[in-house]
Structure formats: C-alpha cells, structure tokens
Amino acid sequence: MADREPDIVARLAPGIASIPAAKWDALVGTADPFVSHAFLQALEESGSVGERTGWSPLPILIEEAGRTVAAAPVYLKSHSQGEYVFDHGWADAWQRAGGDYYPKLQIAVPFTPVPGRRLLGDRPEALLAAAEAVVEQNQLSSAHATFIADREQALFEARGWLIREGLQYHWLNRGYRSFDDFLGALSSRKRKAIRRERAAARDGLEFQALTGADIGAEHWDAMWRFYQDTGSRKWGRPYLTRRFFDLLGEQLGDRVLLLLALRGGTPIAGALNLIGSDTLYGRYWGAAEEVRFLHFELSYYQAIKWAIDHRLTSVQAGAQGEHKLARGYEPVITRSAHFIPDAGFRNAVARFLEEERTVIAFELEAMRAELPYRQD
C-alpha cells in the first residue's frame, strides 16, 4: 500500500495571542523583530490593533500531520490607514463602480513599513492559497501583502498576484570603521554640511543611547509624549497606545534602542529603534522643543554611528523622506503584492502599476545621481 501524503490544513486563528509563542517563533527566526510573537502580541494586548481600530487579527496557520509548518500575520481591514502603501484611489474606483472595497485582507505588520518575510515557514504556496480562499469564499474585494521580502516576489507572481513597487531610503554600511570613516566617503561639500548640522543640533544638549533594562518608565513616558506630538501632526491620531510602549520594553527590551536628547538632564527629543540581526530599524521620532537639525542628529546620524559601532550592515529609517539622500541614505525598491479576483478591476490596477513602475524607475535613477558620495 502506497504511503499517503500527510494532510495539509489551513486554519484561521482569532489572534496572535491564541497561538503559543514557541510555535510561532519557530517559524520566524531571530533576524526580524517585527514578525516576532512578542511584537505582534504587544500590538494586540495594548489595543493598538483589534476590531475597534479597523485591524482585526486573523493570522493564517498551515498544519501538516498535526504540526504547524507555516504562518502569516493577516488582518481583516476596514480602511487603508497605517499601511504606507496607498490604495485609496483603488478603493474609490471600486466603490464608484458599485463594489465594497472594505473589508479587505491585509498580510502585513501593522504600522510598520519595514520590508521582511510575510510568508513564514515551509509552505508559502499553501499560505497564499489559503489567503485567496478567504477572499473568494467571503467575496472580499482583494488581499494585499505589504513590504514583502525580495525573495518572496516570485512566490506571489507565480500565483498571479500583482507586484507594486515603492521607494525607501536605507543607509548601507560599506565596511566603515567609524562615523568619521563614513564621512570620509562623502564629497567634501556634503561632509562639511553634515558636520555643521551636527554641531548645531548638539549645542547645549546631552545624548543617551539606551537599551534593555536601562530604559525605565520615565524614558517611556518621555518617548510617548514625543510620539504623540509627531503622530497627531502626521496622522491626526497616533496609532499606538501608551500600553504598547510598556509591553515593547517588557517583551523586546533587549532589541530596543532608545536615543534621547536631553537639556539639563530632561529629555526634549527621542528616536525609537528596533535592533535586528544585521539592521537597525528606525521607527518613531518626536520632540518637545524645536531644535534645528535635531531630527537628523537623533534619527539619522546617531543611528548610523550606533550601527557602525555595533557592526550592523544597514539602517532603515522608515518610509518616505527624500531629505535622507543628502545624509547618505540610498534609494531602494520596496515591493507589495496584490490579489484581485475581479478580472476587470485587476486589469485596471495592472495598467496603473505598469505606469507607476516607469515613474519609479526614473525617480530611482535621478536619486542615485544625487547621492552625496565621492565619485572616485
């Protein structure tokens, strides 16, 4: 009698909290803190995601012979906020045609424009098939996987998902021994400009770089104030709750880098980073006092220096921001994937994406020409 293939079962979980951490993290590894059980659970437990916020957790698990072999962080979305890949125009077009764009399925890390794996484990095709089945069986408009890893692109394309490109700015460590070594790679004009910016930003201030147990409640209180100020100006309402920051410190403190600027011992600005295996991820910045160039000092220069000192290969400072080019951050392509069952709607989006890619390719070439590095 021939051996039977083991049964493969796709299962929707009611949230990350319902999945044992060891089971989830066995599929994740240690490189990317954002898809860790601790980070995703902190979002849920703090109320930063949930039905009330329009991010209803619906992680997909693939089980084979009773063992979890694959998983994906999935959410049912009732809006397009907090994604950093903007599809509001698609939603408007679909709804003008008489359809309901929301809810939609989102494979993502909420509020986190950081490229990384979205299909965890050994059965990525089964995860995609399960996501497609959820869309089709529930007559949803679409499914979206944002900021996918480069190596995942072919998996999505093989199943007919549309690929969308975007631009970010990442600093790359080309073997620098120190911050001055990095400055030496820049043109003389840019090098002098950065030194002037740093001198102006640092005048009269002290700076701290805190990780792990060195980050106390008073530091989180300060960072929360800074985050609220920036969030209210950028988004109208900050996405994360105060409880999230406490949970982040409790569960991932050793992977947190908090950079603070102080005047007379009192924090006046801060930048929150997460530490990956080879990358420093800049996430949130804010200030209680306006100081010229302080944003660049805390969010960019101090991050570069810390990465060099700790032998990390890159710094990712979040979405958007062409001003990062002059500070040594290089333009890179990011990708998202989109499953649209309706043939007419899919074809219209595909045409849009083709035109958009042409524009992005032009922008990428133009930005590379603006990099501040010496031509020799």
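A few comments on the model shown:
- Where Val135 falls short, out of the listed (1) open to solvent by less than 10 Å² (accessible area, probe 1.4 Å); (2) within 16 Å of Val35 (Cβ to Cβ): (2)
- Qualifying residue in the stretch 156-177 (condition: without any contact (Cβ under 8 Å) to a residue 40 or more places away in the chain, within 25 Å of Arg292 (Cα to Cα) and open to solvent by less than 30 Å² (accessible area, probe 1.4 Å)): no
- Single residue of Gln375, Gln316 found to be within 23 Å of Trp171 (Cα to Cα), assigned to a loop (DSSP other than H, G, I, E, B), among the polar types (S, T, N, Q) and open to solvent by 20 Å² or more (accessible area, probe 1.4 Å): Gln375
- Among the candidates Leu61, Leu76, residue that is modelled with pLDDT of 95 or more, open to solvent by 40 Å² or more (accessible area, probe 1.4 Å) and outside any helix (DSSP H, G or I): Leu76
- Every residue from the stretch 319-347 that is surrounded by fewer than 18 Cβ atoms within 10 Å (Cβ to Cβ) and of a type in the set (S, T, N, Q): Gln320, Asn347
- Every residue from the stretch 281-306 that is part of a loop (DSSP other than H, G, I, E, B), open to solvent by 40 Å² or more (accessible area, probe 1.4 Å), touching a residue at least 12 places away in the same chain (Cβ under 8 Å) and within 15 Å of Asp229 (Cβ to Cβ): Ala288, Glu289
The values are calculated or read from the model by the stated rules, or taken from the named source; none is laboratory data. From a predicted model like this one, the values you see are computed outputs, not experimental measurements. Positions of Cβ are generated from backbone atoms using ideal geometry, with glycine treated the same way; all protein chains shown enter the neighbour counts. The accessibility values were calculated without ligands, DNA or RNA, using every heavy atom of the protein model including side chains. Shrake-Rupley method; radii C 1.70, N 1.55, O 1.52, S 1.80 Å.
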